[in-house]
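*Asks:* Sharing a structure with you now.
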Amino acid sequence: MAYWDKLTGRGNVEDRRGQAAAIGGGLGAIGIVVTLIYSFLSGAPIDVAQILSQLQATQSTQQNLTNKDFEGADNYEVFASTVLGSTTDLWKNIFLQNSMTYPEPRLVLFRVATTSGCGMATSDVGPHYCPSDQTIYIDETFFVELQQRFKAKGGDVAEAYVIAHEVGHHVQNELGIMDQIQQQGNSNELSVKLELQADCFAGIWANSVNELGVFQSGEINEAIDAASAVGDDRIQQSTQGQLSPETWTHGSSQQRVEWFTKGFDSGDPQTCNTFS
Ligand SMILES: [Zn+2]
């Protein structure tokens, strides 16, 4: 367990985990929204049509949780807010050094499905970032899946890396990088570059909190292991038994580890130019 209590900043976290998903009434509106989200896993950017097709299945698994189950800030909410706060401290500073202001992202905790600026956030797609409302959506039961389905070791540092990766997408959004990519047609190749840059930005964050003495010796390996577990080649190998790199959207295990480590070692966003 890392020394998270060394971090004093807090992020803007909204807890919707006890709320029933507002799926039914919103479908018409969702149908006309065409917008992309940026997921931690393969398959992103994902368009809303894909998400819609998953909704049927999602609805049937809706859990019976109420607001009462999430009264007060539980451990995960405090953790998410602390990690998010530390990313804000970092990026605020970096933006300031470049005479820019950094608008803080929001983080919404939910279960199964919730409305988002990108139409609908569902657990199926994993943690993701919606540029339209500058919000990260996380159903933290994903981290059980990360260990069981993706065979990652897991751990709090791995979970923090996922948040930092999504914040990386927020940074890309604020810098106009996402718009540029969309204008260039959103190919898989560009998607990989975007994702590897988000991993590198997560590495920059890891460097910043490591300097504050947050990680215990070797704990950074939890994040490296998670980056490796969600490489497109490893996921493809386990789901399809064969590799087709032209369909990759996030990069191989080796690439994800390489770019995260680049950021972690340098602490300098200049090293995160995956587009050069
Ligand atoms: Zn991503």
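The values are calculated or read from the model by the stated rules, or taken from the named source; none is laboratory data. Note that the structure is a prediction, hence the values are computed from the model and not measured. Ideal geometry is used to build each Cβ from the backbone, glycine not excepted, and the neighbour counts take in all protein chains shown. The protein model used for the area step is the full one, side chains on, heavy atoms only, and it has no ligands, DNA or RNA in it. Shrake-Rupley method; radii C 1.70, N 1.55, O 1.52, S 1.80 Å.
*Asks:* Which one of Arg111, Arg106 is open to solvent by 20 Å² or more (accessible area, probe 1.4 Å), away from the ligand (no atom under 12 Å from the Cβ) and either of a type in the set (Phe, Trp, Tyr) or touching a strand residue (DSSP E or B) at 6+ places or on another chain (Cβ under 6 Å) (or both)?
*Replies:* Arg106
*Asks:* For the stretch 218-236, how many residues are open to solvent by 50 Å² or more (accessible area, probe 1.4 Å) and either closer than 22 Å to Leu90 by Cα or of a type in the set (Phe, Trp, Tyr) (or both)?
*Replies:* Qualifying residue count, the stretch 218-236: 1.
*Asks:* Please enumerate the residues belonging to the stretch 189-214 that are open to solvent by less than 20 Å² (accessible area, probe 1.4 Å) and not in a helix (DSSP H, G or I).
*Replies:* Of everything in the stretch 189-214, just one residue is open to solvent by less than 20 Å² (accessible area, probe 1.4 Å) and not in a helix (DSSP H, G or I), namely Val214.
*Asks:* Being surrounded by 12 or more Cβ atoms within 10 Å (Cβ to Cβ) and among the charged types (D, E, K, R) is the filter here, so list the residues in the stretch 237-260 that pass it.
*Replies:* Passing the criteria: Arg256, Glu258.
*Asks:* Just checking, how many residues over the stretch 86-115 are free of Cβ contacts under 8 Å to residues at least 24 places away in the same chain and either under 16 Å from the mean Cα position of the chain (by Cα) or not in a loop (DSSP other than H, G, I, E, B) (or both)?
*Replies:* Looking only at that region, the number is 4.
*Asks:* Right, another one. Looking at Ile163, is it open to solvent by less than 10 Å² (accessible area, probe 1.4 Å), without any contact (Cβ under 8 Å) to a residue 60 or more places away in the chain and within 13 Å of the ligand (Cβ to nearest atom)?
*Replies:* No, not satisfied.
*Asks:* Condition first: at pLDDT 90 or above and away from the ligand (no atom under 16 Å from the Cβ). Can you find one or more residues in the stretch 192-204 that meet it?
*Replies:* No, the stretch 192-204 contains no residue that is at pLDDT 90 or above and away from the ligand (no atom under 16 Å from the Cβ).
*Asks:* Could you list, in sequence order, all residues of the stretch 166-182 that are of a type in the set (Gly, Ala, Ser) and within 12 Å of the ligand (Cβ to nearest atom)?
*Replies:* Gly168
*Asks:* Here's a follow-up. Only one of (1) more than 16 Å from the ligand (Cβ to nearest atom); (2) on the phi < 0 side of the Ramachandran plot; (3) among the small types (Gly, Ala, Ser) fails for Gly218. Which number is that?
*Replies:* Every condition holds for Gly218 apart from (2).
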